[in-house]
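The block underneath contains the structure these notes are about, expressed in structure tokens.
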Amino acid sequence: MRALCNSTIESGTNLFEISLVQFGTANRPATRRIVKVLASTSTGAKRIARSFFPRSSSYEVLSKMASLLPAG
């Protein structure tokens, strides 16, 4: 699975796991998805997920998985 990133919103220094609910239609029910997002802050991660999935709601940060900056 590829991580979502959008450098115009925020640079990707941390990897976040975001849960969201995609709206359904008459033919397809609503679904809950978990996506990985590269961002600096949790708020930025939610904004990036919202830009990729505009017909969704309930954006929730599940975990901050890793920092991509070198330790030191």
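Rule-based calculations on the coordinates, nothing more; no lab input. Quick caveat, the model's predicted, so the values are computed rather than measured. Note that each Cβ is placed from the backbone with ideal geometry, even for glycine, and that neighbours are counted across all protein chains shown.
Just how large is the dipole of the chain about the Cα centre, in debye to the nearest 20, putting +1 at every Lys and Arg Cβ and -1 at every Asp and Glu Cβ?
My answer is approximately 240 debye.
Counting other C-beta atoms within 10 Å, which of 38, 68 has the fewest, and how do the rest follow?
Working: 38 22, 68 10.
By the 10 Å Cβ count, ascending: 68, 38.
Which far-off residues, 5 or more places away or on another chain, put their amide H under 5 Å from the one on residue 4, with H placed in the peptide plane?
36, 37, 38
Tabulate in residue order the Karplus-calculated ³J(HN,Hα) for the range 26-37, using 6.51 cos²θ - 1.76 cosθ + 1.60 with θ = phi - 60°, rounded to whole Hz; enter x for Gly and Pro.
5, 8, 9, x, 5, 10, 9, 10, 10, 10, 9, 10
Please determine, in degrees from 0 to 90 and to the nearest 10, the orientation of helix 42-52 with respect to the longest principal axis defined by the Cα atoms of the chain, where the helix direction is its Cα long axis.
Compared with the principal axis, the helix lies near 50 degrees.
Counting residues in the chain as N, plug N into 2.2 N^0.38 Å and put the Cα Rg over that result.
Normalised by 2.2 N^0.38 Å, the Cα Rg of the chain equals 1.16.
Fewest Cβ neighbours within 10 Å first, please rank 34, 48 accordingly.
Listing 34, 48 from fewest to most nearby Cβ atoms yields 34, 48.
Run the simple label-point estimate for residue 69 and residue 42 please: 7 Å along Cα→C-beta, distance reported in nm.
Rounded to a tenth, the inter-label distance reads 1.8 nm.
Subtracting the Cα-Cα distance from 0.36 nm times the residue separation, let me have the gained length for residue 27 to residue 8 in nm, one decimal.
3.4 nm
Positive end of the dipole of the chain, charges at C-beta (+1 Lys, Arg; -1 Asp, Glu), about the Cα centre: which of 39, 54, 4 has its Cα farthest in that direction?
Positive-most Cα among the choices belongs to 54.
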